Each structure stands twice: as structure tokens, then as C-alpha cells.
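Okay, structure first, notes after.
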Amino acid sequence: MPTHPGRDLIPTDACLVTGAGSGIGRGTAIALARNGTGIAAFDLDRAQANQTAAMIAEQGGRSIAIEADASSEEPMDEAIRQTMGYFGGLDGVVVNAGINGTWAPIDDLHADEWDRTIRVNLRSTYMTLNKTVPCLKANGGGSVVIVSSINGTRTFTNPGATAYSATKAAQVAIAQQLALELARFAIRINMVCPGAIDTNISCSTEVRHPERAEVPVIWPQGSVPISSGEPGRPEDVADLISFLLSDRARHITGTPIFIDGGEGVLR
């Protein structure tokens, strides 16, 4: 993205965040707003998006709450129109919407369960990029961060997480492909790959017959070495995303960064 002297710590003037109603998305939206960024808080849940916007307003930030299904074209078209109408431009995007979906042995994973995970995680990634890249080009450049995972990119120990892992690996491939395609437009694109983070994403998980897919392993001291087994916080990921969106990361693109407290190394 274009360099702005004197604002190294200000990630963007306006940033769109999908899945902004909770967890990493909310933590990121609040962190960015605290640094002066205007936030378009996208979420499928209108009440959750409104709550994020209200929290930003309480700290004196600028935001607009938008209810949108990031995997559907017409709602995304309208959401982008609202964002551009409110902020007049866009130079940052955080692709965060996603679910864990159904984790089940491959011969017990139904086609509709596979399709739902692919749609929510991967089609929404495509759709968000498809609709926002023209805005970034019109801006003269910008920065994108995709929230992937250590699952499917560094670890493969969650029993039955085939569909989820496939979407997370695909997100990394998409970002690395686009890092070259978009470089000529001064658009950077990077990935963060969190490990265990204290969010409510487990609410979107259905686990079925894990004993048929797992390889039993016991981690006596916990699976997150840096924190004695405790998961990370959404704010930890938000700080990394803020850095990647800022001018301080101006020479970083096409790069997956693992933020897992050493979990992936252990596993």
C-alpha cells in the first residue's frame, strides 16, 4: 500500500473486516479503530455487528455496522456500496469470516456438510477479495490480511477436520497467488495462521465419531508451550494483523505468519 510518512503505526484510513461480530474479527476491528482506522464491521449477525460498532464508538472511533453474508454476491455488492458511501474509499481488508463446520471421518462426512464449510470459509474469501480488490486498486494500493489457521497448513491432528483444513490450506494458496498478481497495484496480501485462540468458534463445530479419525496423543503439559497450555487471545492476533496492515510491513507480502505460541511446532 502507499507509504504515508509519519503514520507507521496507523494501519489504514478505512478497513473492512468480515466476521467482525466476535472473536478475532471483533478484536481486530477494535484494535484498528483505536489506532484511527475507520471500520466497516461486516457480520452475518446484525446484532453482533452493531455491538462491535458500539464498542468502537465508545472509544471515539469511526465505524459502520453491516449485516452481510460474505459468501453471497448480491449482499456483498450492497455491503461494499454502503462501505464506499460511508468512508469514500478503502485501503485495508481483513478476511476473517469462517466456521469450523463438521469434523467427522471422511466416510461419515456428508456432502452438504462439506459444501457448507467450503462455502462459508472459502467462497466468502473469494467473494470478499473479488469485491474489495477494485476498491483497493482505485485507492492506489492497500493491504489485505486473510485469517487462515495452523490447521491444514502446519498441523493435521484435529480428527475429522478435513473440510476445514482444506479451506485453510486453500486460503494460503490464494494469498500467495494473489501476492504476485496484485503487487503491480501496490496491494499487499498476507496470512495469519492462529493456533488455539480463546474465541467462540467452537460453537460452529459439530464433532462426530472423533475416535474413528484421531491418532491418540496426550500433551501432559498442554499443547501451547509459550503459555503453559493456555490459548492465545483475540488481541494477540489483532496486534499482528494491525502490523501487517500498517506501513511498517510495507515489504511483506505473500507471507503466512503463524501465531500459535509454539503449538504447531510441538504437534
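Table for the structure above
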| read-out | value |
| --- | --- |
| Given (1) under 20 Å from R26 (Cβ atoms); (2) more than 20 Å from the chain's Cα centre (by Cα); (3) of a type outside the set (V, I, T); (4) surrounded by 20 or more Cβ atoms within 10 Å (Cβ to Cβ), number of the condition G160 does not satisfy | (1) |
| Close pairs from the stretch 176-199: first buried (at least 19 other Cβ atoms within 10 Å of the Cβ), partner outside any loop (DSSP other than H, G, I, E, B) and acidic (D, E), Cβ under 8 Å, at least 6 apart | G195/E263; I197/D236 |
| Residue in the stretch 82-89 that is touching an Asp or Glu at 6+ places or on another chain (Cβ under 6 Å) and surrounded by fewer than 19 Cβ atoms within 10 Å (Cβ to Cβ) present | no |
| Filtered residues of the stretch 163-185 (kept if more than 23 Å from G23 (Cα to Cα) and either part of a loop (DSSP other than H, G, I, E, B) or not charged (D, E, K, R) (or both)) | A173, I174, Q176, Q177, L178, A179, L180, L182, A183, R184, F185 |
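Computed from the coordinates by the stated procedures, all read-outs in this text should not be read as laboratory data. Since the model is a prediction, treat every value here as computed from it, not as a measurement. Heads up, the Cβs are rebuilt from the backbone with ideal geometry, glycines too, and the neighbour counts pull from every protein chain shown.
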